[in-house]
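One structure is given below, encoded as C-alpha cells.
Just so you know, all these numbers are worked out from the coordinates, no wet-lab data involved. What you are looking at is a predicted structure, and each value in this text was computed from that prediction instead of being measured. Ideal geometry is used to build each Cβ from the backbone, glycine not excepted, and the neighbour counts take in all protein chains shown.
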Amino acid sequence: MLKEFCRPDSDIDEYPAEFLKRFVIPEIDGERRKIVASYLGPDSWNNWGDGHTIAGQFQDRVEEYGINLSKASTDREGGWQLIYRMLKSGELVICGDTCPELVKAIPTRLHDPKKPGDIIKTPGDHYDDVVDGFRYAIYSFVTAGDVQKPVKIRYAEAMRNCDPTTAWLKHAATLEELRREEEPTFYSRNASRLRHMTNRRINKSTPGFWPRG
C-alpha cells in the first residue's frame, strides 16, 4: 500500500479533483500513471431521491482520464481474512510514511465477537472509514475477474505456490500467454519492429527465472 488520501469533509467537487491531482495527473518517467481499477463503497451508488448518485457524479469528473469506477465488494469477513493473511505472509506491505492514517487506524479496530472473521463496525468513526476503504480496494481488486491487472501482478499470481520444477515449466507458457494478451495488432510497414518493442517491454516487466540446483 503506497499512498492514501483521507479527507472526510471533502465534497463531490473537491474529492475527485484531489484524487486526480494526487494519483492520476502526475507523470512518472514522462508517462501518466495508469489506473487499472477504481472502487467506491456501496453507499456511493445509492440514489437519494434527486436522480443522482455520488458514484455517477464522481465518474463524470474522472471519465476523461480513462477511469471507470466499480462498486466495491461488500464481503466484510472475506475481505478482512484476506488482508490478515496477506499482511501476515508479507505479500501486502503498508508504507507508513505515505499511509499514516491507515497505520493509525488498524490497531484501533476490534474483533466482532458476534461475527468471527469480522471487526466491529463503528458508524461515524473516521478510522472506520479509513479501514473500510482499505478493505474495499484490496479485496475488490484481488477477487475481481474483469480487471486487466499489470503484467508483473499477473505473472506473480501465475507463479504463486509453485514448486521450482512447476514454476520452470510454467514460466515460458505464462510469458507467451501474457505476450498474446498485451500484443496489439499492427497495421504498419514497421510492424515487425513495433512487435519486437512490445515483446521487449513484456519481457522487461516480468521477473527473470532461473531453476535452482
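Here is the figure for the range 88-125: residues that are without any contact (Cβ under 8 Å) to a residue 24 or more places away in the chain, of a type in the set (A, V, I, L, M) and exposed (fewer than 15 other Cβ atoms within 10 Å of the Cβ) total 2.
I'd like to check something: does the range 35-55 contain any residue that is touching a residue at least 12 places away in the same chain (Cβ under 8 Å), among the aliphatic types (A, V, I, L, M) and farther than 21 Å from Ser10 by Cβ? It would help to see each step written out before you state the result.
Within the range 35-55, the subset touching a residue at least 12 places away in the same chain (Cβ under 8 Å) is 35-42, 44-45, 54-55.
Now restrict to residues that are among the aliphatic types (A, V, I, L, M): 35-37, 40, 54-55.
Among the residues that remain, those that are also farther than 21 Å from Ser10 by Cβ are: 36-37.
Within the range 35-55, one or more residues are touching a residue at least 12 places away in the same chain (Cβ under 8 Å), among the aliphatic types (A, V, I, L, M) and farther than 21 Å from Ser10 by Cβ.
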